[in-house]
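So the structure is just underneath, and the comments pick up after that.
The values are calculated or read from the model by the stated rules, or taken from the named source; none is laboratory data. Here the structure is a predicted model, which means the values were calculated and not measured. Cβ placement follows ideal geometry from the backbone for every residue including glycine, while neighbour counts extend to all protein chains displayed.
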Amino acid sequence: MDFANSTDLDSTRLERLFVQHAWPYRHERVTVRVRHSRGADFSGTCYYRDARIFVNLGRHTAYPYVLGTQIARSQSNRTHWWRETYRLIVADGYQLALFVFLHEFYHYLVKAAGRSPRQKEAMCDRFAARALVDHFGAGVLDSRGRPVARGQWDFRDVHALVAAAPKVCVQGQLFAPPGRRAIPVTIRGACAGGGRS
C-alpha cells in the first residue's frame, strides 16, 4: 500500500489499521491518501482505474461521532422502497478514517472482482461497520437511539460478493495480518502470481 497522511492522526497507527483490515485482499497496488476535508465532517473517493483512495476528515469533527449508515434491511410497499438509517457510534478519528477507507476499499474490491460497483453503498457500509463493531466494539443504534441486534444489519456475506478479488498469499498460502491467527480458507486460482504487501 502506498500510504500518506497529512492529518494530525499518527500515520504509523493509521496505516497499520488500514493494512490489518484490508486482509485477506491484496492491496499493494492501492494508493491511499488521508487528508483534511474542505468543510464536510468526512468524505471518501475511490478511483478504480488508478487504484487510488482518498479519505477526507473534517478538522472540526467532534467525537464520539454519530455516523449515519445504510446497513439496515431495505423495506418496501406497493409504491416505493426505503431503508432506515442505522447509526454507528465512532469513538475517534482513527475509527472514522478506517470506516471511510474500508467503505472505499470495498468499492475497489467489487470492481477488482469483476462486478459492477453501482448500487453497492449498503454493502460498502456493512463491510466497514463490521470492522468497527468487531475490532472496536462500536455500537449500532436505530433512528430512535435503541441498540440494534447484529442480525438486523449483518445479514449478507460481504465477502461472497468480492470472492473473485485477488487475495494476499505467497506460494498458494494465505497470510494472516500481524496479531491474528491464520484462518483456514480454500482459494481456487485466486493466488496465482500472488505476492505479499
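For the reader, a short list of remarks on this structure follows.
- Whichever residue in the range 1-14 is in a loop (DSSP other than H, G, I, E, B) and of a type in the set (D, E, K, R) and, among such residues, is surrounded by the fewest Cβ atoms within 10 Å (Cβ to Cβ): ASP8
- Count - residues of the range 71-105 that are within 25 Å of LEU17 (Cβ to Cβ), in contact with a strand residue (DSSP E or B) (Cβ under 6 Å, 6 or more places away or on another chain) and assigned to a loop (DSSP other than H, G, I, E, B): 1
- Search result, residues across the range 88-107 that are surrounded by fewer than 24 Cβ atoms within 10 Å (Cβ to Cβ) and hydroxyl-bearing (Ser, Thr, Tyr): TYR94
- The condition of being surrounded by 11 or more Cβ atoms within 10 Å (Cβ to Cβ), among the β-branched types (Val, Ile, Thr), modelled with pLDDT of 90 or more and within 22 Å of ALA128 (Cβ to Cβ) holds for only one of VAL162, VAL185, that being VAL162.
- Residue list for the range 108-145, restricted to those being at positive phi and at pLDDT 90 or above: GLY137, GLY145
- Residue ID - nearest to GLY114 (Cα to Cα), chosen from residues in the range 146-165 that are free of Cβ contacts under 8 Å to residues at least 12 places away in the same chain and assigned to a loop (DSSP other than H, G, I, E, B): ASP157
- Some residue of the range 15-28 being within 22 Å of VAL168 (Cβ to Cβ), at pLDDT below 95, over 15 Å from the mean Cα position of the chain (by Cα) and assigned to a loop (DSSP other than H, G, I, E, B): yes
- Scan of the range 40-61 for residues that are part of a loop (DSSP other than H, G, I, E, B) and more than 15 Å from THR7 (Cβ to Cβ), ordered by number: TYR48, ARG49, ASP50, ALA51
- Qualifying residue in the range 5-14 (condition: under 14 Å from the mean Cα position of the chain (by Cα) and closer than 20 Å to ALA113 by Cα): no
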